[in-house]
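Here the structure comes first, spelled out in structure tokens, and everything after it is commentary.
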Amino acid sequence: MPFTPGRKQGAKNRLSWSFLSALADDFAEHGEGVIKICRIEKPHEYLKIVAGLMPKEFEFTDNRLTELGDEELDAIIEYAKHRLEHKRTNVIDITAGEGEAINGEPARLLQALPKAG
């Protein structure tokens, strides 16, 4: 049989399948523990993994805002400003602790919200 350069037809798919099967088996056995270790010991790598799983762009298919008039849009903006101000005023002591949260939001993040108005 004469030598032909390149790989045999289907070799790439077989290699990919073998690799992904081995990876899936290993993950099924060790994955949850490894994720926890990565999150604790290398949080920056953990974050890179999570960010890599996010879509590169978001597509909005809900176009209800385009159907609203200026007065309705102004009312929505005012409502959002009011809600932000309400959240800010409900933060009693933002220096009390890193873990303190208001409605599930860390107090240290709420202090950075822009003032309404």
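The numbers here are math on the coordinates, done by the rules we state, and not lab data. Note that the coordinates shown come from a computational prediction; the quantities given were computed from them, not determined experimentally. Positions of Cβ are generated from backbone atoms using ideal geometry, with glycine treated the same way; all protein chains shown enter the neighbour counts.
The distance between label points at residue 18 and residue 60 comes to 4.9 nm (points 7 Å beyond Cα on the Cα→Cβ vector). Label the stretch 11-53 by shape, choosing from rounded, prolate and oblate, from the square roots a ≥ b ≥ c of the eigenvalues of the Cα gyration tensor; if a/c is under 1.5 it is rounded, and otherwise prolate applies when a/b is larger than b/c, oblate when it is not. Cα axes put the stretch 11-53 in the oblate bin.
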